[in-house]
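Q: Before I ask anything, let me first share the structure, which is written out below as structure tokens.
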Amino acid sequence: MIAVLTGDIIDSRKLPSQDIWLQPLKSLLGQWGTSPQQWDIYRGDSFQLALEDPAEALKAAIRIKALIKSLSPEKEQERISEIDVRLAIGIGEKNYEGAGIAESNGPVFIQSGERLEKLKKEKITLAIQTPWEDLNREMNLFLRLASILMDSWTISSGEIVNLVFEKPDQTQSKIGQQLGIKQNTVSDRLRRAHIEDILELDQLFREKLQKHLK
């Protein structure tokens, strides 16, 4: 049982250069493995990531979302970036492992790809598809609500959420030093990003998934 994230960048053509998102996304995906075995970017602005531990799937999706929301050609911290990302999380079996992720197949790849196509029609940006309908129903309700919040993250919100998930044990003072802002500003940005709710959602997902994996 693995997780596959399939995504695409929304409104990428509005940017003066695709390098604004392409290089940062490659760097982030590289933290989970090598290309093209574990991840790949294809058709210009679409990508796929395979994770051996399905419990890490939502955390990875949130980090990708936060990264993309933090990017803009104009770094006005309290504005919303011109681009966003659609992400479908598939959890299931991989029947065949090819030379690259694009050549691998199995139910998990079908679930992830088909769910992304549904996202485009539903006009939402994050959903999950697993073999368990009760988990799908419950988690997709939570994800729809969370997406309303995450879609409205400002550039500064995306930046700080990504840092928190990358280094969860880092203090607010350390985060402030890294961003060049005061600790109370860090606290305000985390509150506006609803970081506690996002962290709780990730923990809830892990707990519910573990019950189905037993």
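The values are calculated or read from the model by the stated rules, or taken from the named source; none is laboratory data. Note that this is a predicted model, so its numbers are computed, not measured. For neighbour counting, all protein chains shown are included, and Cβ atoms are generated from backbone atoms with ideal geometry for every residue, glycine included.
Q: Is there a residue in region 71-86 that is among the hydrophobic types (A, V, I, L, M, F, W, C), part of a strand (DSSP E or B) and closer than 20 Å to Ile128 by Cα?
A: Yes.
Q: If I filter region 29-64 down to residues being touching a Leu at 6+ places or on another chain (Cβ under 7 Å), touching a residue at least 60 places away in the same chain (Cβ under 8 Å) and assigned to a helix (DSSP H, G or I), which single residue comes out as farthest from Thr130 (Cα to Cα)?
A: Arg63
Q: Across region 9-31, which residue is nearest to Glu103 (Cα to Cα) among those that are crowded, with 18+ Cβ neighbours inside 10 Å and touching a Phe, Trp or Tyr at 6+ places or on another chain (Cβ under 9 Å)?
A: Leu29
Q: Which numbered condition in (1) within 28 Å of Arg206 (Cα to Cα); (2) at pLDDT below 95; (3) buried (at least 21 other Cβ atoms within 10 Å of the Cβ) is the only one that Ala61 fails?
A: Here Ala61 meets the rest and fails (2).
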